[in-house]
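The values are calculated or read from the model by the stated rules, or taken from the named source; none is laboratory data. Keep in mind that what you see is a predicted model, and the values were worked out from it rather than measured. All Cβ positions, even for glycine, are placed from backbone atoms using ideal geometry, and neighbour counts span all protein chains on display. Keep in mind that these areas ignore ligands, DNA and RNA; they rest on the heavy atoms of the full protein, side chains included. Shrake-Rupley method; radii C 1.70, N 1.55, O 1.52, S 1.80 Å.
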Amino acid sequence: QFPFGRRLPCDIYWHGVSFHDNDIFSGQVNKFPGMTEMVRKITLSRAVRTMQDLFPLEYNFYPRSWILPEEFPLFVDEVRMMKDSDPAWKPTFIVKPDGGCQGDGIYLIKDPSDIRLTGSIQSRPAVVQEYICKPLLVDKLKFDIRLYVLLKSLEPLEIYIAKDGLSRFCTEPYQEPTLKNLHQVFMHLTNYSLNIHSGNFIHSDNVNTGSKRTFSSILCRLSSRGADVKKLWSDIISLVIKTIIALTPELKVYYQSDIPAGKPGPTCFQILGFDILLMKNLKPMLLEVNANPSMRIEHEQELSPGVFENVPSPVDEEVKVAVIRDTLRLVDPQKKKRKDVHNCIMFHRDSLLRAVSAFCIMWGMKDKQHKHHSLKLSLKLKFYLKLGSCQTLEEASEAKEEAREAGAGDGGERGGSRSPEAALPSLCLKQVFPKYARQFSYLRLVDRVAALFIRFLGVKGTTKLGPTGFRTFIRNCKLSNSNFSMASVDILYIDITRRWNSMGIDHKESGMCLQAFVEAFFCLAQKKYKSLPLHEQVASLIDFCEYHLAALDEKRLVCGRG
C-alpha cells in the first residue's frame, strides 16, 4: 500500500475509489476514467434513455425514470395523462438521490405531490422511477441480485460476467405498497447496508439460507420448480451487454481526455456491481450499477453491547475471492510473454500431431497392452494442442474441463512439475463480449456518434466541443445546404449547449458535451431522413458522415503523397 503516492512503476495499480493518478505511464489500472460519474443514477438514466429512444423494446429492462428537479413538471403531466387513460392504474414511485448509496435517502411515494421538494431536491438532485410492485419472492421475501461484471477493455470492448453472484434479501415479508407500509424499508428496500440493522437479519454459514445467499442457490430452487434458468441467464447477459453499450460512448470521451492517444499511458479494467431485480415472471430489471462494489468478505458481529468483532462471511468469500482471483488472471501482465513463447513452441503443430498420432497407432498395434497408453497419450497431446490454440483464459479453462472428462488432463502427471495456473480452479468469469458481438453490434450507434464527436474535439484532453469544432463537423460531413444554413447551425449549437449547461452538466469547461452533441445529431438525422424510424434515421446519417469523412481522408492522403 502507498497511502502517500508511489514512486516506482507497477504492473497493476489497484485504486480504492476512482482513477486519480496522472503519473501512470504504463501498466494497468483497475478503474476507468469517468466510470464513477457515468454510473451515478442521473447519468445512467440519461444514457439508458438515449438507447430507449433508439431501441425501446431492447431497453425495456430499465424502469421508466424522470430526473429531478428539472423534469418534475414533465413527471406530473405524464403521470396525470397515464392515470386519465387508465383509471385502474395505481402506481408507486421510488425516489433515489443521485449521489446516494447503501439506501441513503431513498423513499417511496404514491403521487408526484408527495415528493419532498422543499430544499433537499434542489440541493440534491434525484431520479424518480416507477416502482416494481410484483417482484419474484423467495420464502415470501423480496430480494435482489448483485452480479459482478469485469469490463476488461473499452477498445476493443471486452466484457466478462461472474458465473455466481449474491442474493440479498429483505428482512420482512413482502406486501404490495400501500399508504400504510410505504415507509417499511425492511420490506421494500433490498440494500444489505439497511437490512443488516434489522432484528430479523440472519447471518448464515450456509450459502442456501440466511439474508445473504449465493445466486446459484436461488437458480437451483427455481430450476427445481421447473423455471427456464438458461433463458434467465441469457436475459441477464443481454441486460449487462446492453447497459455497457449504453455507457461506453461517454466513457470513451473521458478515456481520451485522461489518456490521450499517442501519449504513454496505462490500459484500464474495472469490476462493476450490477444490481438486478427479478420480476414475478422472471424478467430481470436493472436497478443500478455500482462502480465500487464492496469486496469485503467479513461482517461485524456484536459480541456484547458496544463490542464488535469481524467474522468471516462464507457467502461473500465464495463469490468475491473468485472474482478478484480470476480478474487478476485475466489481466496478468505475464500472459502476453507466455503467449509469445507458446506461439514459438506451437510452430508446425499440425505436422507434429499427425506424426505422433501415426506413432501412437503403430505402438498400439504392436502390443494390445499399450493401446490404453497410446490413446491416453493421443488425448493428452490433443489437449495441449487445443490449449495452445486458445485465445483466452476462458477457452483454456474450458479445454482443461473437457480434458479432465476425457482423462487427458494434467492429473496424470504424477511427480511432474505443474504450473501455478494448472493448480487453480476453472475461471468463474465468463466472456460475453465479443463472444456475442454479432447479436448486439447493431445497437452501437451512439458509439459511432461518439467517434465523430471525439474526432472534432480538436484539443487533446478536452471533453467538450466548441462552436468552431461543431461548424467543422457540419462542413466536413456536407450537412449544410440551402435549407440548413451555417447560421442555423450556430443557432442549433447555442440552443442545445445552453440547455445542457443549465442542467448543471460539468461547468469546468465551456462547450457542447457528448450528450448535447447526440441530441443535435438526432435532430439533424430527423431533418434529413423524415420518413424513417429514429434508429434508421441516425444510422443513415452516421453512414453519410463516415462516407464523406473517409473521402476527405483519402483526398488528404493523396495530397500528402503529392
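So, in the range 122-135, exactly how many residues are surrounded by fewer than 19 Cβ atoms within 10 Å (Cβ to Cβ), out of contact with any Pro (no Cβ under 9 Å at 6 or more places or on another chain) and touching a residue at least 12 places away in the same chain (Cβ under 8 Å)?
Residues that pass the stated criteria total 1.
Is there a residue in the range 178-188 that is in a loop (DSSP other than H, G, I, E, B) and in contact with an Asp or Glu (Cβ under 7 Å, 6 or more places away or on another chain)?
Keep residues of the range 178-188 that are in a loop (DSSP other than H, G, I, E, B), which gives 178-184.
This time we only want the ones that are in contact with an Asp or Glu (Cβ under 7 Å, 6 or more places away or on another chain), so: 184.
Yes, the range 178-188 contains a residue that is in a loop (DSSP other than H, G, I, E, B) and in contact with an Asp or Glu (Cβ under 7 Å, 6 or more places away or on another chain).
Residues of the range 236-247 being surrounded by fewer than 22 Cβ atoms within 10 Å (Cβ to Cβ) and closer than 14 Å to Glu155 by Cβ, which ones?
The answer is Ile244, and nothing else.
When the residues of the range 143-153 are narrowed to those that are open to solvent by less than 10 Å² (accessible area, probe 1.4 Å) and touching a helix residue (DSSP H, G or I) at 6+ places or on another chain (Cβ under 9 Å), which ends up nearest to Met187 (Cα to Cα)?
Taking the range 143-153 as the starting set, the residues that turn out to be open to solvent by less than 10 Å² (accessible area, probe 1.4 Å) are 143-145, 147-151.
The next check asks that each one be touching a helix residue (DSSP H, G or I) at 6+ places or on another chain (Cβ under 9 Å); those that pass are 143, 145, 147-151.
Values: Phe143: 10, Ile145: 16, Leu147: 22, Tyr148: 25, Val149: 27, Leu150: 31, Leu151: 33 Å.
If we take residues in the range 143-153 being open to solvent by less than 10 Å² (accessible area, probe 1.4 Å) and touching a helix residue (DSSP H, G or I) at 6+ places or on another chain (Cβ under 9 Å), then Phe143 is nearest to Met187 (Cα to Cα).
Just need a number here: residues in the range 165-179 that are among the acidic types (Asp, Glu) and either surrounded by 13 or more Cβ atoms within 10 Å (Cβ to Cβ) or outside the structural domain of Ile271 (by the TED database) (or both).
1
Taking the options Gln515, Gln526, name whichever one is more than 21 Å from Leu552 (Cα to Cα) and in contact with a Leu (Cβ under 8 Å, 6 or more places away or on another chain). Don't jump to the end; show me each part of the working.
Details: Gln515 fails: in contact with a Leu (Cβ under 8 Å, 6 or more places away or on another chain).
After ruling out the rest, the residue left standing is Gln526.
Go through (1) touching a Leu at 6+ places or on another chain (Cβ under 8 Å); (2) open to solvent by 20 Å² or more (accessible area, probe 1.4 Å) for Arg561 and report which single condition fails.
Arg561 satisfies all of (1) touching a Leu at 6+ places or on another chain (Cβ under 8 Å); (2) open to solvent by 20 Å² or more (accessible area, probe 1.4 Å) except (1).
Name the pairs whose Cβ atoms lie under 7 Å apart, with the first residue in the range 67-85 and under 18 Å from Lys96 (Cβ atoms), the second open to solvent by 80 Å² or more (accessible area, probe 1.4 Å), and 6 or more positions between them or separate chains?
Note: pairs meeting the criteria are Pro69/Gln122.
Please go through the range 236-261 and give me each residue that is within 14 Å of Ala450 (Cβ to Cβ) and among the charged types (D, E, K, R), ordered by number.
Answer for the range 236-261, where residues must be within 14 Å of Ala450 (Cβ to Cβ) and among the charged types (D, E, K, R): Glu250, Lys252.
Looking at Leu194 and the list (1) under 17 Å from Tyr160 (Cα atoms); (2) of a type outside the set (Phe, Trp, Tyr); (3) open to solvent by 10 Å² or more (accessible area, probe 1.4 Å), which single condition is not satisfied?
(1)
Residues of the range 180-191 being surrounded by fewer than 14 Cβ atoms within 10 Å (Cβ to Cβ) and out of contact with any Leu (no Cβ under 9 Å at 6 or more places or on another chain), which ones?
Lys180
May I ask you to list pairs of residues, at least six apart or on different chains, whose Cβ atoms are under 8 Å apart, with the first in the range 2-17 being under 19 Å from Val331 (Cβ atoms) and part of a loop (DSSP other than H, G, I, E, B) and the second being modelled with pLDDT under 80 and of a type outside the set (A, V, I, L, M)?
Pro9/Phe25; Pro9/Ser26; Asp11/Pro333; His15/Asp21
I'd like the residue in the range 261-313 that is assigned to a strand (DSSP E or B) and of a type in the set (Phe, Trp, Tyr) and, out of all such residues, is most open to solvent (accessible area, probe 1.4 Å).
Taking the range 261-313 and keeping what is assigned to a strand (DSSP E or B), we get 267-268, 270-279, 284-290, 298-304, 307-312.
Retained after the next criterion (residues that are of a type in the set (Phe, Trp, Tyr)): 274, 308.
Details: Phe274: 0, Phe308: 112 Å².
Among them, the one singled out is Phe308.
Would you mind finding the one in Val127, Val76 that is within 25 Å of Lys280 (Cβ to Cβ) and either assigned to a helix (DSSP H, G or I) or at pLDDT 90 or above (or both)? Let's see the steps before the verdict.
Working: Val76 fails: within 25 Å of Lys280 (Cβ to Cβ).
Being within 25 Å of Lys280 (Cβ to Cβ) and either assigned to a helix (DSSP H, G or I) or at pLDDT 90 or above (or both) holds for just one of Val127, Val76, which is Val127.
Conditions (1) under 18 Å from the mean Cα position of the chain (by Cα); (2) surrounded by 17 or more Cβ atoms within 10 Å (Cβ to Cβ); (3) at pLDDT below 95; (4) in a helix (DSSP H, G or I), marked per residue:
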site: Val446; (1), (2), (3), (4): yes, yes, no, yes
site: Val459; (1), (2), (3), (4): no, no, yes, no
site: Thr468; (1), (2), (3), (4): no, no, yes, yes
site: Leu479; (1), (2), (3), (4): no, yes, yes, no
site: Val489; (1), (2), (3), (4): no, yes, yes, yes
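Check whether at least one residue in the range 40-54 is open to solvent by 60 Å² or more (accessible area, probe 1.4 Å), basic (Lys, Arg) and either in a helix (DSSP H, G or I) or modelled with pLDDT of 95 or more (or both), and report yes or no. Write out each step before concluding.
So the first thing to find is which residues in the range 40-54 are open to solvent by 60 Å² or more (accessible area, probe 1.4 Å), and the list is 40, 49, 53.
With the extra rule that they be basic (Lys, Arg), the set shrinks to 40, 49.
If we keep only those that are either in a helix (DSSP H, G or I) or modelled with pLDDT of 95 or more (or both) as well, we get 49.
Looking through the range 40-54, at least one residue is open to solvent by 60 Å² or more (accessible area, probe 1.4 Å), basic (Lys, Arg) and either in a helix (DSSP H, G or I) or modelled with pLDDT of 95 or more (or both).
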